[in-house]
Amino acid sequence: CNRMCPSYIALHGYDGTGGRVGAANVPAEYRMLTVKSSPARDAQVDAYKIVDVYVSMFADQFNPDAERIKSLYLYSAEPGTGKTTTAAAIINAYLTAHYIGSIQRGLAPVERPAYFWDFNGFNRPRVPDDIAAPAAARYYRTMEIAKHVPFLVADDIGVRDATDAFRADLHTVINERAVNGLPTVYTSNVPM
């Protein structure tokens with residue numbers, strides 16, 4: 001499939017910044033990344049053995065009798081080990097499996113079957129009012145997406161200096177997803 005292929009356009013948009021990958025909020029530098037092409041793969045051989053098995057289960061999202069897709073926690077105390085890169089490759093695999101699996105079964109693919117939620121942009125105290133109001137609206141809109149999207153990547157959840165309110169919001173999202181059996185990939189520098 002190339003840039004003129006309808007499936008490519010459905011996943012990436014006409015210019016490579018839209019489609020389901022864009023709706024999933026996958027960062028631009030990771031939009032074309034796959035589990036096989038991930039630069040973290042060579043340095044994290046053992047982790048990628050687990051990742052390969054994990055993504056092989058994505059076709060099961062269409063089988064009501066299959067074991068549900070579980071959540072995954074990608075941890076390293078050190079920054080720069082490839083957690084975010086790996087999570088982005090995983091979400092891209094999910095988006096592709098969802099799109100192809102839907103088409104193969106004569107179903108309409110969901111416009112946003114997955115979402116990449118980056119915690120770095122949240123939890124900023126003392127923000128000026130003219131910035132805070134639109135940021136709060138975006139924050140709560142994103143939180144609603146994160147609660148209900150079929151597959152979520154929660155990137156960098158180990159915010160050490162988070163406010164109690166932010167922790168409560170995070171708990172609400174995690175709890176909503178857990179009680180509804182929605183798979184989540186977490187990345188963190190904090191042990192589980």
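Values in this text are rule-based calculations from the coordinates and carry no lab data. Being a predicted model, the structure only gives us computed values, none of them experimental. Please note: Cβ atoms are built from the backbone with ideal geometry, for glycine as well, and neighbour counts cover all protein chains shown.
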Towards the positive end of the charge dipole of the chain, with charges on Cβ (+1 Lys, Arg; -1 Asp, Glu), say which of Ala10, Ala40, Ala165 has the farthest Cα.
Ala10
If the only charges are +1 at each Lys and Arg Cβ and -1 at each Asp and Glu Cβ, what is the size of the charge dipole of the chain around the Cα centre, to the nearest 20 debye?
280
Hey, if you put +1 on the Cβ of every Lys and Arg and -1 on every Asp and Glu Cβ in the stretch 61-192, which of Gln104, Asn92, Ser71 ends up farthest toward the positive end of that dipole?
Gln104
Quick one: dipole size for the stretch 44-102, taken about the Cα centre, charges +1 on Lys/Arg Cβ and -1 on Asp/Glu Cβ, in debye to the nearest 20.
120
Helix 129-148 versus the longest principal axis of the chain: what angle, 0 to 90°, nearest 10, using Cα atoms?
40
Mean residue ellipticity (222 nm) of the chain, computed from DSSP H runs ≥ 4 via -39,500 (n - 2.57), nearest 500
-13500 deg cm²/dmol
Aspartates and glutamates with Cα under 18 Å of Lys70, excluding same-chain neighbours fewer than 8 positions away
Asp52, Asp60, Asp155, Glu176
If you line up the long axis of helix 83-104 against the longest principal axis of the chain, both from Cα atoms, how many degrees apart are they, to the nearest 10?
40
I need the P(r) histogram for the stretch 1-128: all alpha carbon pairs, bin width 10 Å from 0 out to the longest distance, whole percents.
11, 39, 34, 13, 3, 0
